[in-house]
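S.K.: Below you will find the structure I want to go over with you.
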Amino acid sequence: QHCFSKSDDGFLYCEGLKVQDVMDSVERRPFYLYSKPQITRNFEAYNEALEGLRSIIGYAIKANNNYKILEHLRKLGCGAVLVSGNELRLALRAGFDPTRCIFNGNGKLLEDLVLAAQEGVFVNVDSEFDLDNIVSAARIAGKKVNVLLRINPDVDPQVHPYVATGNKNSKFGIRNEKLQWFLDAVKEHPNELKLVGAHCHLGSTITKVDIFRDAAVLMVNYIDEIRTQGFEINYLNIGGGLGIDYYHAGAVLPTPRDLIDTVRELVLSRDLNLIIEPGRSLIANTCCLVNRVTGVKTNGTKNFVVIDGSMAELIRPSLYGAYQHIELVSPTPPDAEISTFDVVGPVCESADFLGKDRELPTPPQGAGLVVHDAGAYCMSMASTYNLKMRPPEYWVEEDGSVAKIRHGETFEDHMRYFEGL
Ligand code: LLP
């Protein structure tokens, strides 16, 4: 069951609501529209897949940091994965249990590590200097820190290079040749550090579960080796990275259950707690960016649909050449001519496109056009380039009502940064 679908009448619906009607009722476009029940369903898919294992679902807040969404996930029982001091503060503010939070990153700052130590969140060790900083933070906070070693297993995730992280020359994590150095360093700091686990994250948009299995095999071997040295290490964190069906072309992709099932026996055989860090697969398909068509034009051999949304609201196509499915919210008239269009925004960059070479009926001015799967890494990567303001966000609730879950940024908000200078 998916929240956004075209009905027999040809209109796009979100949980039974006509997107066209939502568009007509809100004061500003473009806007993000989420389905709250879909967020619940996605979480439950992980939760059910994890049955029979001791586990933490650490939602990767970087994917989408809307406070209302965080609160909702937290109430469902979710933990959180944080990559900055502010994400840590936000998670705490949203009420996440610190002992279900993991602080990750290759450049964690000392002051943020102190907060993590005070609050008792898990911290991933990323490098030699990072270990030094965690030791200092533990001393300042007067608390022992539960740490995981982020090991770089060098498994190729077969994804865009910008979202591959677990390879040999990556800036993240530690290489296995250095494992002994880190184990010795932890032993030297029994009052500051408690080694509780091993972590890896291979990359993002992964669509083959064998890749997770290969990494998990390597990781449990490391865990065996670490245990022989007397460490009581009980957590395996296999990161996030499960891809989703961006193409809407009928492909069958691995589900959370496929992912968990591929590592289940390994986890049980070593009596481990499993931590997973999904971002995209929890939130991407719960949302569309809803835009309005400003006009249609042709230059040379290219047809363009110009919309009010742009790379400022949604940068993934421009940045990674990512495909996100695009469709009109209203029915295609039976006699409509279908042409090939680039769907572009108004931003002064030729990289400002949401989709290339899309087959669409020529849309009238004002028509609604959605970019699908916009829940992850879209709003959280939005900018104010060209002084476009970050858009408002809405969700459809269980009872079919629409609620605003973030105000759109305004020109006055922008001017406020200069007040009192
Ligand atoms: N854990 C760690 C350590 C990560 O670095 C990431 C994502 C995740 C978990 C969550 O991965 P997910 O399940 O969402 O794939 N901006 C890019 C994606 C960057 C991912 C960065 N790390 C995009 O728009 O595709």
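S.K.: Ordered by residue, what ³J(HN,Hα) values in Hz, to whole numbers, does segment 225-238 give under the Karplus form 6.51 cos²θ - 1.76 cosθ + 1.60, where θ = phi - 60° and Gly and Pro are x?
M.R.: Whole-Hz 3J(HN,Hα) from phi for segment 225-238: 4, 5, 5, 4, 8, x, 7, 8, 10, 10, 10, 10, 10, 9.
S.K.: Go through LYS143/LYS171; LYS68/LYS178; LYS18/LYS208; LYS75/LYS187; LYS168/LYS388 and tell me which ones have a Cα-Cα distance over 31 Å in this structure.
M.R.: Where the Cα-Cα span goes over 31 Å, the pairs concerned are LYS68/LYS178; LYS18/LYS208; LYS75/LYS187; LYS168/LYS388.
S.K.: Against the longest alpha carbon principal axis of the chain, how many degrees, from 0 to 90 and to the nearest 10, is the axis of helix 67-76 turned?
M.R.: For helix 67-76, the angle is close to 60 degrees.
S.K.: Let me check I've understood the local charge: for LEU272, count other residues with C-beta under 14 angstrom from its C-beta, Lys and Arg +1, Asp and Glu -1. What total comes out?
M.R.: Net charge around LEU272: 0.
S.K.: Let me ask another. For segment 18-23, take each phi angle, set θ = phi - 60°, evaluate the Karplus expression 6.51 cos²θ - 1.76 cosθ + 1.60, and give the result in whole Hz per residue in order, putting x for glycine and proline.
M.R.: Per-residue couplings from phi come out as 6, 4, 4, 5, 4, 4 Hz.
S.K.: PRE reach from LYS75 (point 7 Å along Cα→Cβ): which of segment 388-421 fall under 16 Å by backbone N?
M.R.: Answer for this model: 395-406.
S.K.: Follow-up question, since we're still on this one. Where the centre of each part is set by its Cα atoms, how far does segment 123-190 sit from segment 353-421, in angstrom?
M.R.: For segment 123-190 versus segment 353-421, the Cα centre distance is 36 Å.
S.K.: Given a cut-off of under 8 Å on Cα pairs at least six residues apart, what relative contact order in percent is computed for the chain?
M.R.: Computed value for the chain: 19 percent relative contact order.
S.K.: Lys and Arg at +1, Asp and Glu at -1: add these up for the other residues within a Cβ distance under 12 Å of ILE223 and post the number.
M.R.: So the surrounding residues net to -2.
S.K.: Over segment 288-410, what is the relative contact order in whole percent, taking alpha-carbon pairs under 8 Å and six or more residues apart?
M.R.: For segment 288-410, the relative contact order is 30 percent.
S.K.: Taking a quarter of the surface of the Cα convex hull of segment 232-357, what do you get in nm²?
M.R.: Mean projected area of the Cα convex hull: 11.0 nm².
S.K.: Going highest first, how would you order 384-397, 249-262 by mean Cβ packing within 10 Å?
M.R.: Packing order, densest peptide first, comes out as 384-397, 249-262.
S.K.: Something else now. Please compute the net charge surrounding TYR377, taking Lys and Arg as +1 and Asp and Glu as -1 over other residues with Cβ under 9 Å from its Cβ.
M.R.: Residues close to TYR377 contribute a combined charge of +3.
S.K.: Mean-square fluctuation check for the chain, GNM, Cα pairs under 10 Å: which of GLY120, GLY142, GLY203 is largest?
M.R.: Ranking GLY120, GLY142, GLY203 by mean-square fluctuation puts GLY142 first.
S.K.: Also: Jot down the per residue volume, in cubic angstrom and as a whole number, of the convex hull over the alpha-carbon atoms of segment 185-281.
M.R.: Considering the Cα atoms of segment 185-281, their hull volume per residue is 95 Å³.
S.K.: I need the calculated FRET efficiency for the pair GLU349 and PHE411, taking r as the beta carbon distance and R₀ as 22 Å, to the nearest 0.05.
M.R.: 0.55
S.K.: Out of the GluC sites (Glu not before Pro) in segment 291-343, which ones are loop residues according to DSSP with at most 11 other C-beta atoms within 10 Å?
M.R.: Listed in order of number, the matching sites are GLU337.
S.K.: Right, something else. Would you mind ranking PHE231, PHE411 so that the residue whose beta carbon has the fewest other beta carbons within 10 Å leads the list?
M.R.: So the ranking, lowest neighbour count to highest, is PHE411, PHE231.
S.K.: When averaged across all projection directions, what area in nm² does the alpha-carbon convex hull of segment 316-421 cover?
M.R.: 9.6
S.K.: Could you work out the percent of alpha carbon pairs in the chain separated by over 39 Å, rounded to a whole number?
M.R.: I get 24 percent for the Cα pairs in the chain exceeding 39 Å.
S.K.: Moving to a separate point now. Show that you can apply the helix-only estimate: for the chain, add -39,500 (n - 2.57) for every DSSP H stretch of four or more residues, divide by all residues, and state [θ] at 222 nm to the nearest 500.
M.R.: -8500 deg cm²/dmol
S.K.: Right, something else. Antiparallel versus total DSSP beta bridges in segment 130-235: what percent is that, nearest 5?
M.R.: So the antiparallel bridges amount to about 10 percent of the total.
S.K.: Another question, if that's okay. Can you pull the percent of Cα pairs in segment 40-193 with separation above 25 Å?
M.R.: 35
S.K.: Top mean-square fluctuation among PHE31, PHE212, PHE129, Gaussian network model of the chain, C-alpha springs under 10 Å?
M.R.: Result: PHE129 has the largest fluctuation of those listed.
S.K.: State the Cα centre-to-centre distance between segment 65-95 and segment 243-285 in whole Å.
M.R.: Distance between centres, Cα-based: 21 Å.
S.K.: Please compute the modelled spin-label separation between GLU188 and GLU265, points set 7 Å along Cα→Cβ, answer in nm with one decimal.
M.R.: With each label placed 7 Å out from Cα toward Cβ, I get 4.2 nm.
S.K.: Here's something else I'd like to know. Dipole magnitude of the chain about its Cα centre, charges +1 at Lys/Arg Cβ and -1 at Asp/Glu Cβ only, in debye to the nearest 20?
M.R.: Here the chain has a charge dipole of around 660 debye.
S.K.: I've got another one for you. Go ahead and set up a Gaussian network model of the chain, Cα springs under 10 Å, then flag whichever of ALA216, ALA45, ALA374 fluctuates most.
M.R.: Ranking ALA216, ALA45, ALA374 by mean-square fluctuation puts ALA45 first.
S.K.: Ok, one more. Which order do the peptides 106-118, 162-174 come out in when sorted by mean C-beta neighbours inside 10 angstrom, highest first?
M.R.: Put in order of decreasing packing, that is 106-118, 162-174.
S.K.: PRE reach from TYR323 (point 7 Å along Cα→Cβ): which of segment 331-373 fall under 19 Å by backbone N?
M.R.: Label zone hits: 339-344, 353-361, 370-373.
S.K.: Rounded to whole Hz and in sequence order, give me ³J(HN,Hα) for segment 137-149 from the Karplus expression 6.51 cos²θ - 1.76 cosθ + 1.60, θ = phi - 60°, writing x for Gly and Pro.
M.R.: These are the phi-based 3J(HN,Hα) values: 4, 4, 5, 4, 7, x, 9, 7, 9, 7, 10, 10, 8 Hz.
Laboratory data are not the source of any read-out in this text; all were calculated from the coordinates shown. The shown structure was predicted, so the numbers you read here are calculated from the model rather than taken from an experiment. Neighbour counts run over all protein chains shown; Cβ positions are idealised from the backbone, glycine included.
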